[in-house]
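Chemist: So that we are looking at the same thing, I have put the structure below in structure tokens.
The values are calculated or read from the model by the stated rules, or taken from the named source; none is laboratory data. Small disclaimer: the values here were computed from a predicted structure and weren't measured. Accessible surface areas use protein heavy atoms only, side chains included; no ligands, DNA or RNA. Shrake-Rupley method; radii C 1.70, N 1.55, O 1.52, S 1.80 Å.
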Amino acid sequence: MSREASIQRKTGETDIQLTVQLDGEGQIELNTGVPFLEHMLHLFAKHGQFDLNVQAEGDIEVDAHHTTEDIAICLGEAFKDALGSKEGIRRYGSATVPMDDALAQVVVDLSNRPHLEYRVDLPSETVGTFDTELVREFFWKLALEARMNVHIIVHYGHNTHHIIEAIFKACARALREAASIDPNQRGLLSTKGML
């Protein structure tokens, strides 16, 4: 069973085509016009062992907000679609990842109940030309569209780049675990009978 999904989203601000394969090998093709976001998406796909193709055009002459937000929307939708019925998945995943001075923890529940708990203090407002407030925006839209519960906790760190990198890596590893198939799990991991 192929757990792959593609999303196309075209608005007055962005034009995005995105494909994700959950059981991939980390094959990555990115063209977004937002270099720092591409760096983070590359890490996300590699550490989650997802195949990820993102082709995006956006109004980056304004700023990276719309492109970042809409990529997260598409990634969340694609992730949800690729999960299919969710039968047999582990549902929960967690990872704690160090990146030099930074330590980030991400816990996810593929519950169909979107929520983001974001306990992150980023020392700098920008990394290169990327506005760091977009990190929260990215993960909120990802959680909302994938319909998952995401808790992001940064225990410490003083380098903003390292903190964000640790978050993306931890999120990827947590999602990899939550989306993985448990051979002992029959049906849905829910007493309600639905996810």
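Chemist: Got the relative contact order for the range 25-79 handy, in percent, Cα pairs under 8 Å and 6 or more residues apart?
Modeler: Working: 65 pairs, mean separation 20.0, N = 55.
RCO, the range 25-79: 36 percent.
Chemist: Moving to a separate point now. Just the number please: accessible area per residue for the chain, 1.4 Å probe, all protein chains included, in Å².
Modeler: Result: 48 Å² per residue.
Chemist: OK, next. Pairs of alpha-carbon atoms within less than 8 angstrom and 6+ residues apart define the contacts here; what relative contact order does the chain have, in percent? Please list the in-between numbers first.
Modeler: Values: 471 pairs, mean separation 49.9, N = 195.
Relative contact order, the chain: 26 percent.
Chemist: For the chain, take the longest principal axis of its alpha carbons; what is the angle in degrees between that and the long axis of helix 35-48, to the nearest 10 within 0 to 90?
Modeler: Long axis of 35-48 versus the principal axis of the chain: about 20 degrees.
Chemist: So how compact is the chain: Cα radius of gyration and Dmax in angstrom?
Modeler: That works out to 15.9, 51 Å for Rg and Dmax.
Chemist: Let me ask something additional. Rounded to the nearest percent, how much of the accessible area of the range 51-142 (1.4 Å probe, protein heavy atoms only) is carbon and sulfur? Walk me through the intermediate numbers first.
Modeler: Values: 1740 of 4100 Å².
That share works out to 42 percent.
Chemist: I'd like the antiparallel share, as a percent to the nearest 5, of DSSP beta bridges with both residues in the range 94-195. Working shown, then result.
Modeler: On the way: 15 of 20 bridges.
Percent antiparallel among DSSP bridges in the range 94-195 is about 75.
Chemist: Binning at 10 angstrom from zero up to the longest distance, how are the C-alpha pair distances of the range 1-86 distributed in percent?
Modeler: For the range 1-86, the binned pair fractions read 19, 53, 24, 4, 0 percent.
Chemist: Could you give the radius of gyration (one decimal) and Dmax (whole number) of the Cα atoms in the range 82-195, in Å?
Modeler: Cα only, the range 82-195: 15.2, 47 Å (Rg, Dmax).
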